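Derivation of every value follows stated rules applied to the coordinates shown; laboratory data play no part. No experiment lies behind these values; they were computed from the predicted model shown. Cβ atoms come from the backbone with ideal geometry, glycine included; neighbour counts cover every protein chain shown.
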Amino acid sequence: MKVKILGARGSLPAPMSPSQVEARSASILNQFIEQGSVSLDKIPEFLKTLKPHQFGGYGGNTPCVEINAGQTQVIIDGGSGIRTLGYELLSGPCGKGEGEVHIFFTHFHWDHLIGLCFFVPLFIPGNKIHVYSVQPELPHVFKTLFKKPFFPVELEHLGAKIIYHQLDPRKPFTHKDLVLTPYQLDHPDPCWGYKVRAGEKVYAHCVDTEATRMTRDELGADLPLYQGIDLMVFDAQYTVMETIEKINWGHSAGLVGLDIAMREGIKQVIFMHHDPASNDDKVFAAETEVQKYHQSQIKSSIRMGQVVNTVDWKFAVEGMEIQL
Ligand SMILES: [Zn+2]
Ligand SMILES: [Zn+2]
């Protein structure tokens, strides 16, 4: 299974401004010169040593994740990150009006829909776009999105055929090589994460969530979303202090996801849904907070003679691919 993060930002697209690009470029040039080398052939090697907040950033597009396993592809959510995937799909059957696309929705907040109006396969006659959700409002959502005066092309004039599928909560749904099971997350409007299985490999999509239910008892019927997982993508919009200030805003912090991952033996975690109000330095500060917490948890577990579940975690960078 291959998981690709096409949009790592939450709530609203947040591109770097020209002044931020200028400041970043000046900083990179300074660092390169301070290294004592101005040889041009050293530049690619030097750039590889820089972290996301020092060079390319974490990305500005809102949530969209592409999953491929064997010949099967599914997309989770239609944030602004789905736009570039649409262009890529044009080189296959979608470009000839012979494509089938499968998009699973967690919920219908704007940041998870905003790319759909610019997802080109939707406009090509002959394509079939299958859309899935637990919440029953999906046909209404599409009718609202593709409606004047919000968008010039109304739903009935889209070229592609849209096929709606309503999923049952916590019931596995088989789609070719994948089995997807929706579990409820903790968000102000109903939001469903997905446990996605391809053979022996299991992915858990846990965005957007405030993770107000943490213990196994509290999670109850939704606990399986966090068990037997190879890779979890988790909502880390805020630092711990911000989660206290923004109770009921529906988002979490990296430490919370890390605690769940360590308890449940999740092997890899990617933190995403970065706050659009955070510049790359602030996202990096949140990453550092998780790093310190992880080290302190490992040390205290060792001191107490407990078994430590090590977790390989990262903060999402747009375009990141994880092979399971
Ligand atoms: Zn969101
Ligand atoms: Zn949301």
Count charges around ASP77 for me, please; just the other residues with Cβ under 11 Å from its Cβ, Lys/Arg as +1, Asp/Glu as -1. -3
If r is the Cβ-Cβ distance from VAL179 to GLN35 and R0 is 51 Å, what FRET efficiency results, to the nearest 0.05? 0.55
What residue among GLY97, ILE5, TYR293 has its Cα farthest toward the positive end of the dipole of the chain, where the charges are +1 on Lys, Arg and -1 on Asp, Glu, each on the Cβ? GLY97
Restricting to lysines and to Cα separations under 21 Å from LYS246, and discarding same-chain partners fewer than 8 apart, the set is LYS282
With a ≥ b ≥ c from the Cα gyration tensor eigenvalues, square-rooted, and the rule rounded for a/c under 1.5, otherwise prolate when a/b > b/c and oblate otherwise, the chain is oblate
Geometric extent, Cα atoms of region 272-321 - Rg, Dmax (angstrom): 13.9, 41
Relative contact order of the chain, pairs being alpha-carbon contacts under 8 Å that are 6 or more residues apart, as %: 18 percent
Would you work out if region 100-191 is rounded, prolate or oblate? Take a ≥ b ≥ c from the square roots of the eigenvalues of the alpha-carbon gyration tensor; rounded if a/c is under 1.5, else prolate when a/b is larger than b/c, oblate otherwise. oblate
To the nearest 20 debye, region 4-47 has a Cα-centred charge dipole, built from +1 on Lys and Arg Cβ and -1 on Asp and Glu Cβ, of 280 debye
Summing -39500 (n - 2.57) over every DSSP H run of at least 4 in the chain, dividing by its residue total and rounding to the nearest 500, the 222 nm mean residue ellipticity is -7500 deg cm²/dmol
Among 121-128, 149-156, 210-217, the order from most to least packed when residues are scored by Cβ within 10 Å on average: 121-128, 210-217, 149-156
First measure r as the distance between the Cβ atoms of LYS128 and PHE150, then evaluate 1/(1 + (r/R0)^6) with R0 = 30 Å and state the FRET efficiency to the nearest 0.05. 0.80
I want the local charge near ARG216. Using Cβ-Cβ distances under 11 Å, sum +1 for each Lys or Arg and -1 for each Asp or Glu among the other residues. -2
Most fluctuating of SER39, SER301, SER17 in the GNM of the chain (C-alpha, under 10 Å) is SER39
